[in-house]
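> Please find one structure pasted underneath; my questions will follow.
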């Protein structure tokens, strides 16, 4: 099992979601701008991220990860997806969201020998 950025299942899920949302990039950019200037929406976004992270922790534990490692892997996975999404939304020339996910994953892997 890959303890970095994504497990095989998480990587596949993230890329599947990316392929679904890519056509709505303009809408997502507008949504991100509104969220960035609305404290209540920022709080809601944080709660959604925390809930997704807990789902990942629960699934990783089910697959045999120790709780501590599951929290770490889930946190890294959520951070990778968040960073890829941010890069994709902020840079109109960033290419696809899947490419942004691949780039972030490669950067994280390069950090760990």
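The values are calculated or read from the model by the stated rules, or taken from the named source; none is laboratory data. Just so we're clear, the structure is a prediction, and the values are computed from it rather than from any experiment. Ideal geometry is used to build each Cβ from the backbone, glycine not excepted, and the neighbour counts take in all protein chains shown.
> Can you give me the number of residues within the stretch 8-27 that are closer than 24 Å to residue 54 by Cα and either at pLDDT 80 or above or touching a helix residue (DSSP H, G or I) at 6+ places or on another chain (Cβ under 7 Å) (or both)?
Residues flagged as closer than 24 Å to residue 54 by Cα and either at pLDDT 80 or above or touching a helix residue (DSSP H, G or I) at 6+ places or on another chain (Cβ under 7 Å) (or both) within the stretch 8-27 amount to 9.
Table: residues versus (1) surrounded by fewer than 11 Cβ atoms within 10 Å (Cβ to Cβ); (2) under 20 Å from residue 15 (Cα atoms).
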{"site": "34", "(1), (2)": "yes, no"}
{"site": "44", "(1), (2)": "no, no"}
{"site": "49", "(1), (2)": "no, yes"}
{"site": "56", "(1), (2)": "no, yes"}
{"site": "61", "(1), (2)": "no, no"}
{"site": "74", "(1), (2)": "no, yes"}
{"site": "78", "(1), (2)": "no, yes"}
{"site": "91", "(1), (2)": "yes, yes"}
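> Return yes when residue 108 is touching a helix residue (DSSP H, G or I) at 6+ places or on another chain (Cβ under 8 Å), assigned to a helix (DSSP H, G or I), over 19 Å from residue 16 (Cβ atoms) and at pLDDT below 90 and no when it is not.
Yes; evaluated as a whole, the condition is true for this residue.
> Only one of 31, 44, 66 is more than 12 Å from the chain's Cα centre (by Cα) and within 22 Å of residue 112 (Cβ to Cβ); which?
Of the residues listed, the single one that is more than 12 Å from the chain's Cα centre (by Cα) and within 22 Å of residue 112 (Cβ to Cβ) is 66.
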